[in-house]
Amino acid sequence: MSIIDELKWRGAVNQQTDEAGLAELVNEKKVGLYAGIDPTGDSMHIGHLIPFMILKRFQLAGYRPYIVIGGATGSIGDPSGKKSERVLQTMDQVRHNQECLTKQMEHLFGQDGSFKIVNNYDWLSKLSLLDFLRDYGKLFNVNTMLNKEIVASRLEVGISYTEFTYQILQSIDFLHLYQHEDVQLQIGGADQWGNITSGIDLIHRQEGADAKVYGLTIPLLLKADGTKFGKSEGGNVWLDPEKTSPYDFYQFWINTDDRDVVKFLKYFTFLDQAEIDRLAEAVATHPEKREAQKRLAEEVTEFVHGKDAVVEAQHITKALFSGDVAELTASEIEQGFKNMPSVTVTSAKQGIVEWLVDTTKIESSRRQAREDVTNGAIRINGEKVTDTDAEIDPSAAFDGKFVIVRRGKKRYFLARVSD
């Protein structure tokens with residue numbers, strides 16, 4: 001199976017500028033290809049990950065991927081997907097974001113020389129205004145630019161000249177990489193079709209109509225309920241572990257709908273067709289086991305955060321399900337209880353009834369607290385407490401940072417111990 005055929009099987013091909021020509025090219029040589037990302041933030045989220053999964057597949061197949069960090073284009077703003085002008089960032093913020101994204105890319109693609117990160121600021125910043133207008137502006141027809149969906153969608157509300165010129169700058173990127181790195185294929189989301197074709201047109205005008213350059217876009221990924229993929233109830237699912245913990249990242253994939261899990265396995269894992277077909281059968285015959293979701297969560301979490309993060313996420317998941325939280329580390333508690341009800345307490349020892357009612361407000365009254373303790377409904381740090389005269393020592397476990405309370409079978413509360 002060719003790389004393009006594999007992408008089609010995975011449902012990852014939306015449009016190609018010349019399907020037959022691209023198929024021939026990738027079969028005859030290990031072509032150079034690229035995808036870009038603008039440093040509008042200091043981390044990618046999982047929606048950003050989609051085109052780079054395609055780039056990674058090409059890398060594993062021996063092709064030459066390039067990643068363009070848009071230090072120049074990111075400083076002016078891509079009109080794609082926006083109903084209004086982007087707020088310009090300071091150049092210091094752009095540079096900070098560049099550094100963060102570069103580290104994430106190096107983690108995903110490795111540092112073995114099989115791929116290359118470039119920054120379009122390195123060539124676009126050298127253009128004078130007159131060079132830009134004479135060498136490139138003259139080659140772009142305004143009527144054609146206005147008809148590009150990326151621009152046309154903004155005409156009613158208005159678009160600045162700055163964002164209007166974005167497609168010219170991205171076209172220059174493709175031309176530069178073609179001339180200096182022998183890059184012949186650009187990968188992008190469905191919304192980048194207009195920018196990609198503009199780049200191909202520019203190369204043909206500069207290098208001749210027989211220049212072999214191509215574009216491939218990826219479909220907009222929708223969930224079975226019709227909503228756009230990439231967000232949880234809490235917002236974006238980030239690749240930065242400080243923004244989305246590895247445990248929360250793992251849980252996002254574990255909670256995938258049965259209707260979506262096979263699609264996501266094709267998009268976001270490097271499992272082969274036979275294994276994905278086997279997991280699809282498991283979804284159909286034993287959906288309650290959620291084998292496909294578990295495998296999806298393991299594969300994507302390991303790719304983004306590493307094997308240790310998978311083990312840690314599974315450890316937290318098992319402890320919360322079983323109630324055996326005593327074996328968790330303080331770091332694991334920070335991840336696993338991040339979104340659970342919490343309260344801040346002091347390190348002072350206190351009787352359990354008073355602590356549950358007055359200090360933490362977990363119980364509504366002393367009568368209810370005594371009843372729950374006596375009936376075995378209260379667990380402190382994983383241990384059942386049935387003595388109403390028991391004492392709570394907040395410094396006794398988890399490095400003196402936390403007290404975990406479970407009331408009933410599933411209700412957890414986290415007490416954070418202040419100094």
Residue satisfying condition, being over 25 Å from Thr244 (Cα atoms), in contact with a helix residue (DSSP H, G or I) (Cβ under 9 Å, 6 or more places away or on another chain), of a type in the set (Asp, Glu) and open to solvent by 20 Å² or more (accessible area, probe 1.4 Å), within set Glu327, Glu383: Glu383
Read through the list (1) assigned to a helix (DSSP H, G or I); (2) out of contact with any strand residue (DSSP E or B) (no Cβ under 8 Å at 6 or more places or on another chain); (3) surrounded by fewer than 20 Cβ atoms within 10 Å (Cβ to Cβ); (4) touching a residue at least 24 places away in the same chain (Cβ under 8 Å), then give the number of the only condition that Asp308 fails. (4)
Filter the range 130-177 down to the residues that are hydroxyl-bearing (Ser, Thr, Tyr) and part of a helix (DSSP H, G or I), then identify the one that is surrounded by the most Cβ atoms within 10 Å (Cβ to Cβ). Ser171
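Results for (1) in contact with a Phe, Trp or Tyr (Cβ under 6 Å, 6 or more places away or on another chain); (2) among the polar types (S, T, N, Q); (3) assigned to a helix (DSSP H, G or I); (4) surrounded by fewer than 21 Cβ atoms within 10 Å (Cβ to Cβ), shown as yes or no for each residue.
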residue	(1), (2), (3), (4)
His204	no, no, yes, yes
Lys212	no, no, no, yes
Phe249	no, no, yes, no
Lys263	no, no, yes, yes
Tyr267	no, no, yes, no
Tell me, yes or no, whether the range 353-367 has at least one residue that is loosely packed, with under 14 Cβ neighbours inside 10 Å, modelled with pLDDT of 90 or more and not charged (D, E, K, R). yes
For the range 270-293, does any single residue satisfy the condition of being surrounded by fewer than 19 Cβ atoms within 10 Å (Cβ to Cβ), in contact (Cβ under 8 Å) with a residue 60 or more places away in the chain, outside any helix (DSSP H, G or I) and not polar (S, T, N, Q)? yes
Could you grab me the full set of residues in the range 5-28 that are touching a strand residue (DSSP E or B) at 6+ places or on another chain (Cβ under 9 Å), of a type in the set (S, T, N, Q) and open to solvent by 40 Å² or more (accessible area, probe 1.4 Å)? Asn14, Gln15, Thr17
Among Val94, Val31, which is over 28 Å from Lys212 (Cβ atoms) and crowded, with 19+ Cβ neighbours inside 10 Å? Val94
Taking the range 57-85 as the search range and keeping residues that are open to solvent by 40 Å² or more (accessible area, probe 1.4 Å) and under 21 Å from the mean Cα position of the chain (by Cα), which one is modelled with the lowest pLDDT? Gly81
In the set Asp225, Asp182, Asp191, which member is more than 24 Å from Gly11 (Cα to Cα), open to solvent by 40 Å² or more (accessible area, probe 1.4 Å) and of a type in the set (D, E, K, R)? Asp182
Given the conditions (1) touching a Gly at 6+ places or on another chain (Cβ under 7 Å); (2) charged (D, E, K, R); (3) buried (at least 17 other Cβ atoms within 10 Å of the Cβ); (4) over 19 Å from Tyr121 (Cα atoms), report the number of the one that Asp38 does not fulfil. (4)
Of all residues in the range 102-123, how many are assigned to a helix (DSSP H, G or I) and out of contact with any Gly (no Cβ under 8 Å at 6 or more places or on another chain)? 9
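Yes or no: the range 383-400 includes at least one residue that is on the phi > 0 side of the Ramachandran plot, free of Cβ contacts under 8 Å to residues at least 12 places away in the same chain and over 39 Å from the mean Cα position of the chain (by Cα). Explain how you work it out, then say what you get.
Looking only at the range 383-400, we keep the residues that are on the phi > 0 side of the Ramachandran plot, and these are 398-400.
Narrowing the set further to residues that are free of Cβ contacts under 8 Å to residues at least 12 places away in the same chain leaves none.
Checked the range 383-400: no residue is on the phi > 0 side of the Ramachandran plot, free of Cβ contacts under 8 Å to residues at least 12 places away in the same chain and over 39 Å from the mean Cα position of the chain (by Cα).
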Residues of the range 261-304 being within 19 Å of Ile4 (Cα to Cα) and among the polar types (S, T, N, Q), in sequence order, are Thr269, Gln273
For Ala348, are the conditions met, namely being part of a helix (DSSP H, G or I), of a type in the set (Gly, Ala, Ser) and either touching a Leu at 6+ places or on another chain (Cβ under 6 Å) or open to solvent by 20 Å² or more (accessible area, probe 1.4 Å) (or both)? no
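The values are calculated or read from the model by the stated rules, or taken from the named source; none is laboratory data. For clarity, every value in this text was computed on a predicted model and none was experimentally measured. Using ideal geometry, Cβ is built from the backbone for each residue, glycine included, and neighbour counts are taken over all protein chains shown. Remember, those area values only see protein heavy atoms, side chains included, never the ligands or the DNA or RNA. Shrake-Rupley method; radii C 1.70, N 1.55, O 1.52, S 1.80 Å.
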